[in-house]
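Here, each number is a calculation from the coordinates, and none is a lab measurement. Computed from a predicted model, the values in this text were never measured in an experiment. Positions of Cβ are backbone-derived with ideal geometry, glycine not excepted, and every protein chain shown enters the neighbour counts.
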Amino acid sequence: MNHPTTRSRTGSRLLGNSVLVFATTMLMAGSGAVFWVVAARLAPAEDVGLAGSLVAAGDALALFAQLGLNIAIVRTLPASTRRAADVVTAALVVASAGAAFALGYALLLPVVSPRLGEVLSSPVPVLVFAVLVALTALNVLTDSVFLALDRVWAYLRLNGVLLGALKIGLPFLLAGAGAFGLYGSVGLAVGACAVASIVVILRGLPGPRRPTPSPELLANRGFAAAGYVTYVLTVLPLLVFPLIVVNALGSARAGTWFIGFQVAALLNAVVLAVANLTYAEVERARTDRHAVVRRSGLLLLAGSLVGCVAMVVLAPWLLAIFGDHYASTGTATLRVLALACVGAAFNYWGMMRLRLAGHLAAMIGTQVVSTVVMLVLAAALAGHGTAWVAAAWGIGHAVGGALGWLLTATVVPFDDDAPVPVQEMEPA
């Protein structure tokens with residue numbers, strides 16, 4: 001049983017790190033909002049819609065490319081005997097997967113979305129797209145590494161300050177390059193941040209840099225695989241929804257959807273970052289994990305509700321920053337997306353509980369149900385407008401959260417004490 005002082009220290013660290021993660025997320029989201037304000041003012045709505053669809057696709061592919069390593073490394077890195085080697089191994093695997101997925105996506109685009117396929121219609125843009133997706137995947141991985149190592153200040157300096165400054169400056173340089181130029185602005189900024197993050201992480205880790213994974217990382221391959229499946233299912237709607245909107249409503253309405261989703265991402269990013277931070281905190285804790293999970297639930301609930309109310313009230317003014325077109329056509333969509341972020345907070349909390357339980361079938365099954373609900377509702381309701389697509393996103397998240405909580409409260413509970421690390425176990 002934990003001493004009260006230890007619990008207090010853990011709670012204080014969680015709250016303090018949550019504040020730093022909140023600040024980082026707001027800087028990232030704020031710079032992203034400024035970027036799209038500039039883009040909306042410099043480019044027509046069709047270019048914004050196409051570029052936004054490429055950004056959403058690149059982000060989703062970067063998440064697919066994690067192969068569960070971003071989740072597994074949070075669990076294993078604190079106790080790893082080869083920290084630097086684990087980071088190098090994961091970075092090489094993730095970047096390679098990102099490039100491969102990007103090439104596959106570019107080849108499929110002419111079939112699934114011919115209008116978007118015109119943006120990647122020659123070898124050079126396809127190659128650039130693959131490199132930028134690989135770097136985006138690397139940056140996603142480094143976010144998890146920073147949290148696993150409890151280096152939140154470095155995370156703030158690189159992702160909050162450096163990435164934000166580059167995002168704001170680059171669109172002016174590539175303003176005349178059309179939809180792909182807008183996407184390139186985002187990709188170059190994220191890529192520079194990824195390279196800087198790897199340098200900073202490896203400079204502070206002892207040990208060899210060869211890609212030879214530790215026994216701790218290898219022992220969690222099954223967990224990584226299950227985590228990857230659930231991760232893919234979670235981000236699949238981010239890849240599919242823009243295509244559904246483009247095909248059902250046209251590229252101009254896709255621009256409205258993307259701008260609204262980018263604004264709602266301010267809130268969703270904070271919620272997801274706090275959920276990831278809390279998961280890293282629980283994996284570092286050896287005992288009293290239920291208390292940390294309860295605190296995280298309260299943090300997620302309070303943050304998502306406050307943010308939701310603020311965004312519902314301010315929706316018309318937030319969209320007016322991007323232009324009258326977005327305010328007049330996207331206010332209802334943004335309000336529904338804000339409500340959906342509360343459901344997303346519930347789902348992230350449920351997923352964290354399932355990871356702690358370590359029941360692989362429950363992890364995958366819960367997310368299958370959530371994603372299927374999202375995609376079926378979005379496809380069925382897209383013709384009625386983007387607000388209905390936003391509702392499908394929220395409903396699917398709420399279903400996933402309810403199922404995750406129900407399973408971990410009944411048939412697959414998680415222990416209050418952490419499992420014994422590999423190096424502490426008796427040899428077979």
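If I stretch the segment between residue 42 and residue 416 completely, what's the gain in nm (0.36 nm per residue apart, minus their alpha carbon distance), one decimal?
On the way: separation 374, 0.36 × 374 = 134.64 nm, distance 5.37 nm.
Once the chain is fully extended between residue 42 and residue 416, it gains 129.3 nm.
Which residue, 100, 91, 148, tops the fluctuation ranking in a GNM of the chain built on C-alpha contacts under 10 Å?
For the chain, modelled as a Gaussian network with Cα springs under 10 Å, the answer is 100.
May I ask for the net charge around residue 352, where only other residues with Cβ less than 13 Å from the Cβ of residue 352 are counted and Lys, Arg are +1 while Asp, Glu are -1? Write down the numbers at each step before the final one.
Working: positive: 75, 289, 294, 295, 353, 355; negative: 281, 283.
Taking every other residue near residue 352 into account, the sum is +4.
Can you compute the FRET efficiency between residue 376 and residue 218 using 1/(1 + (r/R0)^6), with r the Cβ-Cβ distance and R0 = 41 Å? Round to the nearest 0.05. Write out the running numbers ahead of the final one.
On the way: r = 38 Å, r/R0 = 0.92.
The computed FRET efficiency comes out at 0.60.
For the chain, modelled as a Gaussian network with Cα springs under 10 Å, which listed residue fluctuates most, 329, 371, 410?
Among 329, 371, 410, the largest GNM mean-square fluctuation belongs to 410.
Just add up the charged neighbours of residue 242: K/R +1, D/E -1, any other residue whose Cβ is under 14 Å from the Cβ of residue 242. Let's see the in-between values first.
On the way: positive: 115, 253; negative: 46, 59.
Residues close to residue 242 contribute a combined charge of 0.
Taking just the alpha-carbon atoms of the chain, what radius of gyration and Dmax come out, in angstrom?
Just the Cα atoms of the chain yield Rg and Dmax of 20.7, 67 Å.
Suppose R0 equals 35 Å; then what is the FRET efficiency for residue 312 and residue 103 from their Cβ-Cβ distance, rounded to the nearest 0.05? All intermediate terms of the calculation are to be shown ahead of the outcome.
Values: r = 41 Å, r/R0 = 1.16.
Computed FRET efficiency for residue 312 and residue 103 comes out at 0.30.
Multiplying the sequence separation of residue 118 and residue 157 by 0.36 nm and subtracting their Cα-Cα distance, what value in nm do you get? Let's see the in-between values first.
Values: separation 39, 0.36 × 39 = 14.04 nm, distance 3.70 nm.
So the extension gain works out to 10.3 nm.
Quick one: putting +1 on the C-beta of Lys and Arg, -1 on the C-beta of Asp and Glu, what dipole do you get for the stretch 116-243 around its Cα centre, in Debye to the nearest 20? Show your work: numbers first, answer last.
On the way: 7 positive and 4 negative charges, 72 e Å.
Charge dipole of the stretch 116-243: 340 debye, to the nearest 20.
Give me the mean projected area, in nm² to one decimal, of the convex hull enclosing the Cα positions of the stretch 275-364. List each step's numbers first, then the result.
Details: hull surface 28.1 nm².
Its Cα hull, projected and averaged over all orientations, spans 7.0 nm².
Cut-off 10 angstrom, C-alpha nodes, Gaussian network model of the chain. Which of 411, 88, 274 fluctuates the most?
411
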